[in-house]
Amino acid sequence: MIDVPASVAATPLLARQNVNTRTSPKFIARPASVHDAKALAALKTALSVETEHMVFDVADPHALLKRCNSELQASKLGEQGIFVVETRKHIVGYIDVRRVTVEGAYEFASFNLAIRPQYWGNGLGAQLVSLAEKWAKGRQLRFLMFLVAIRNHRARALYDRLGYSICDIVRVDDNNAIAADEAYIMGRMILEADCSAPPESGADHDVGSGLC
């Protein structure tokens with residue numbers, strides 16, 4: 001077992017659909033835009049109180065908003081992918097997917113996923129993971145790997161259903177005793193080696209080695 005640091009993630013509902021948008025009668029999942037910074041910061045602030053396994057630094061609202069702006073600018077440039085799910089009034093969940101930057105893991109991507117608890121059970125996590133997978137495939141990233149707290153049984157069940165498996169167990173510690181926890185590294189291959197789909201423009205390589 002190894003120690004690793006923890007990494008710490010509105011348009012109208014009737015907007016025209018595209019390949020990066022998924023809709024349901026109550027929700028729409030779509031790529032985030034730079035105009036979503038305040039809503040994304042508000043979501044992370046709410047999640048910091050409502051969820052046990054997600055840790056966000058929300059002590060300084062101005063710094064949080066600045067980070068959200070920076071992440072959304074990076075998403076606009078294709079350096080990472082940020083997708084949100086929203087109701088008619090609010091963004092209620094998001095996923096942040098990016099390349100793994102560890103040497104030797106150039107075909108890997110990793111993500112953070114969080115949804116407000118009152119919206120669990122609507123299939124929103126699966127929708128967001130699907131969008132993250134599409135983003136990674138468009139950049140010829142063959143593997144997706146991420147951390148899941150061992151005590152987060154609900155998330156583990158979701159990823160099991162989506163075909164992800166446990167590859168290792170790690171110690172997550174962000175210098176906060178409350179946040180320190182053991183986590184699974186979960187992952188799976190999402191793109192076969194011989195796939196010849198061209199990478200998307202603006203693509204740029206975050207945990208990994210050979211998949212289990």
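The values are calculated or read from the model by the stated rules, or taken from the named source; none is laboratory data. Computed from a predicted model, the values in this text were never measured in an experiment. Here Cβ is always computed from backbone atoms with ideal geometry, including for glycine, and neighbour counts include all displayed protein chains. SASA here: full protein model, heavy atoms, side chains in, ligands and nucleic acids out. Shrake-Rupley method; radii C 1.70, N 1.55, O 1.52, S 1.80 Å.
When the stretch 96-112 is examined, which residues are found to be more than 21 Å from Ser130 (Cβ to Cβ) and open to solvent by 10 Å² or more (accessible area, probe 1.4 Å)?
Matches in the stretch 96-112: Thr101, Val102, Glu103, Gly104, Tyr106.
If the Cβ limit is 6 Å and pairs must be 6+ apart or interchain, which residue in the stretch 147-162 that is closer than 21 Å to Arg98 by Cβ pairs with which residue that is open to solvent by 40 Å² or more (accessible area, probe 1.4 Å) and in a helix (DSSP H, G or I)?
Val148/Arg156
Kindly indicate which of Ile185, Ile115, Ile150 is surrounded by fewer than 17 Cβ atoms within 10 Å (Cβ to Cβ) and modelled with pLDDT of 90 or more.
Every option except Ile150 fails the conditions.
Would you mind stating whether Leu128 is more than 25 Å from Tyr159 (Cβ to Cβ) and open to solvent by less than 20 Å² (accessible area, probe 1.4 Å)?
When the stated conditions are applied, Leu128 does not pass them.
Filtering the stretch 40-53 down to residues that are open to solvent by 50 Å² or more (accessible area, probe 1.4 Å) and aliphatic (A, V, I, L, M), which residue is farthest from Gln127 (Cα to Cα)?
Across the stretch 40-53, the extreme among qualifying residues is Val49.
Which numbered condition in (1) outside any loop (DSSP other than H, G, I, E, B); (2) surrounded by fewer than 20 Cβ atoms within 10 Å (Cβ to Cβ) is the only one that Tyr159 fails?
With (1) outside any loop (DSSP other than H, G, I, E, B); (2) surrounded by fewer than 20 Cβ atoms within 10 Å (Cβ to Cβ) applied to Tyr159, the lone miss is (2).
Every residue, every condition in (1) in a helix (DSSP H, G or I); (2) in contact with a Leu (Cβ under 8 Å, 6 or more places away or on another chain); (3) at pLDDT below 95; (4) open to solvent by 70 Å² or more (accessible area, probe 1.4 Å), yes or no:
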| residue | (1), (2), (3), (4) |
| --- | --- |
| Ala9 | no, yes, yes, no |
| Ala15 | no, no, yes, no |
| Pro25 | no, no, yes, yes |
| Lys38 | yes, yes, no, yes |
| Val58 | no, yes, yes, no |
| Leu64 | yes, no, no, no |
| Arg88 | no, yes, yes, yes |
| Tyr94 | no, yes, no, no |
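Check whether at least one residue in the stretch 164-174 is basic (Lys, Arg) and at pLDDT 95 or above, and report yes or no.
No, because not a single residue in the stretch 164-174 is basic (Lys, Arg) and at pLDDT 95 or above.
Please determine, by comparing only the residues of the stretch 136-147 that are closer than 16 Å to Gly187 by Cβ and open to solvent by 20 Å² or more (accessible area, probe 1.4 Å), which one is modelled with the lowest pLDDT.
Leu147
Quick one: would you say Ile115 is among the aliphatic types (A, V, I, L, M) and out of contact with any Ser or Thr (no Cβ under 6 Å at 6 or more places or on another chain)?
So Ile115 passes the test.
Would you call Ile82 open to solvent by less than 10 Å² (accessible area, probe 1.4 Å) and either of a type in the set (Lys, Arg) or closer than 24 Å to Ala155 by Cα (or both)?
Yes: the conditions hold for Ile82.
Collect the residues in the stretch 96-112 that are of a type outside the set (A, V, I, L, M), assigned to a loop (DSSP other than H, G, I, E, B) and in contact with a Ser or Thr (Cβ under 9 Å, 6 or more places away or on another chain), keeping them in residue-number order.
Of everything in the stretch 96-112, just one residue is of a type outside the set (A, V, I, L, M), assigned to a loop (DSSP other than H, G, I, E, B) and in contact with a Ser or Thr (Cβ under 9 Å, 6 or more places away or on another chain), namely Gly104.
Identify, from the list Gly104, Gly125, the residue that is farther than 15 Å from Arg188 by Cα and at pLDDT 95 or above.
Only one candidate qualifies: Gly125.
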